[in-house]
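One structure is given here, and the rest of the page talks about it.
The values are calculated or read from the model by the stated rules, or taken from the named source; none is laboratory data. The structure presented is a predicted model; accordingly, all values stated were derived computationally and were not measured. Please note: Cβ atoms are built from the backbone with ideal geometry, for glycine as well, and neighbour counts cover all protein chains shown.
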Amino acid sequence: MIEFTVSIADIPILIRANYPQTKAFCRSYLSEKEPLFAVEITRDDLAGERAFNAKTAQNENRPVVDYPLPYLETLAVSRKIAGQTPRYGAVLFHGAAIAVDNEVYLFTAKSGTGKTTHIRYWMDQFGDRAKIINGDKPFLKITETGAFACGSPWQGKENYGCNAILPLKAVCLLQRDSTDHIERVSFAKEFAAVMRQTYQPPTADGLEKTLDLLTALAARVPLYKLGCTMDPRSALVSYNGMNEE
């Protein structure tokens, strides 16, 4: 068993892993702080990840990939961490988070819709003003002073991201369309869509705290819906739309 501590969303966590690759995977988040909780990965956890990935592949009508155990362990770590972070004010979210002038814009959609392509357009448009916080699974931390987007080791296949915590300016639901247009929408009306993109802990207490955090997020951060053509100019449409007075 390999033990090390990481700090994610400013939450120190002790990880007990089986493979050195897991510590290497988390290297940008290693910490000397006293952990607030611990997660331990068992053989049953690895078997569960293998079964989950096989079921997902079958549901999506794609070949089942026999992933190596060290990779499956990184997935198990994310799941176990995300199950406990709501107690400390943070949730794991499926989306692409990009900062411009140190404020984060978070795009979420079903896999394959074009989140990664869209944030690349932002990088092209804003250059040194822009920084990708996480391309796939950032943590959102909600406090009395505001909401923050936090980097995590789970950055997606493109490995876009960094270890940073910055204020969350807006959340945007991205969907393909024939024109580029954006509008502000009600969090209450779209709550189910946001909830689907949030990791839901397996315990009743964890789920309740997650719902409380999303309710607090709705009170602090505006929600938008972007219809996107995947034209590079869509980056300016979305940025301008989320910065109108």
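Is it true that some residue in segment 65-76 is charged (D, E, K, R), surrounded by fewer than 19 Cβ atoms within 10 Å (Cβ to Cβ), farther than 16 Å from CYS150 by Cα and modelled with pLDDT of 95 or more?
No, segment 65-76 contains no residue that is charged (D, E, K, R), surrounded by fewer than 19 Cβ atoms within 10 Å (Cβ to Cβ), farther than 16 Å from CYS150 by Cα and modelled with pLDDT of 95 or more.
Condition first: touching a residue at least 12 places away in the same chain (Cβ under 8 Å) and of a type in the set (D, E, K, R). Now tell me which residues in segment 89-114 satisfy that.
Those that are touching a residue at least 12 places away in the same chain (Cβ under 8 Å) and of a type in the set (D, E, K, R): ASP101, GLU103.
(1) surrounded by fewer than 19 Cβ atoms within 10 Å (Cβ to Cβ); (2) over 24 Å from THR203 (Cα atoms); (3) out of contact with any Lys or Arg (no Cβ under 7 Å at 6 or more places or on another chain): which one isn't true of TYR88, the others all being true?
All conditions are met except number (2).
Would you point out which residue out of GLU190, GLU144 is modelled with pLDDT of 95 or more and of a type in the set (Asp, Glu)?
Testing whether each residue is modelled with pLDDT of 95 or more and of a type in the set (Asp, Glu) leaves just GLU190.
Among the numbered conditions (1) of a type in the set (A, V, I, L, M, F, W, C); (2) over 16 Å from the mean Cα position of the chain (by Cα); (3) assigned to a helix (DSSP H, G or I), tell me where ILE182 comes up short.
(3)
Outside the structural domain of LEU140 (by TED's automatic domain parsing) and surrounded by 17 or more Cβ atoms within 10 Å (Cβ to Cβ): does that describe GLY83?
yes
Could we say that VAL171 is assigned to a helix (DSSP H, G or I) and either in contact (Cβ under 8 Å) with a residue 40 or more places away in the chain or among the small types (Gly, Ala, Ser) (or both) here?
When the stated conditions are applied, VAL171 does not pass them.
Can you tell me which residues in segment 12-52 are assigned to a helix (DSSP H, G or I), surrounded by 15 or more Cβ atoms within 10 Å (Cβ to Cβ), of a type outside the set (A, V, I, L, M, F, W, C) and touching a residue at least 40 places away in the same chain (Cβ under 8 Å)?
Those that are assigned to a helix (DSSP H, G or I), surrounded by 15 or more Cβ atoms within 10 Å (Cβ to Cβ), of a type outside the set (A, V, I, L, M, F, W, C) and touching a residue at least 40 places away in the same chain (Cβ under 8 Å): GLN21, THR22, TYR29.
Just the residues that are under 17 Å from ALA170 (Cβ atoms) and either outside any loop (DSSP other than H, G, I, E, B) or of a type in the set (Lys, Arg) (or both), please, taken from segment 186-199.
LYS189, PHE191, ALA193, VAL194, THR198
Here is a yes/no grid of residues against (1) in a helix (DSSP H, G or I); (2) modelled with pLDDT of 95 or more:
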residue	(1), (2)
SER178	no, no
PRO201	no, yes
ASP205	yes, yes
LEU217	yes, yes
SER238	yes, yes
GLU245	no, no
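Going through segment 109-134 one residue at a time, which ones are under 15 Å from GLN197 (Cβ atoms) and at pLDDT 95 or above?
ASN134
Starting from residues that are among the charged types (D, E, K, R) and over 11 Å from the mean Cα position of the chain (by Cα), keep the ones in segment 106-139 and report whichever is surrounded by the most Cβ atoms within 10 Å (Cβ to Cβ).
By that ranking, first place goes to LYS115.
Test each condition in (1) surrounded by fewer than 19 Cβ atoms within 10 Å (Cβ to Cβ); (2) outside any helix (DSSP H, G or I); (3) modelled with pLDDT of 95 or more for TYR224 and report the one that comes out false.
For TYR224, the exception is condition (1).
Quick one: is CYS228 within 17 Å of the chain's Cα centre (by Cα) and in contact (Cβ under 8 Å) with a residue 12 or more places away in the chain?
no
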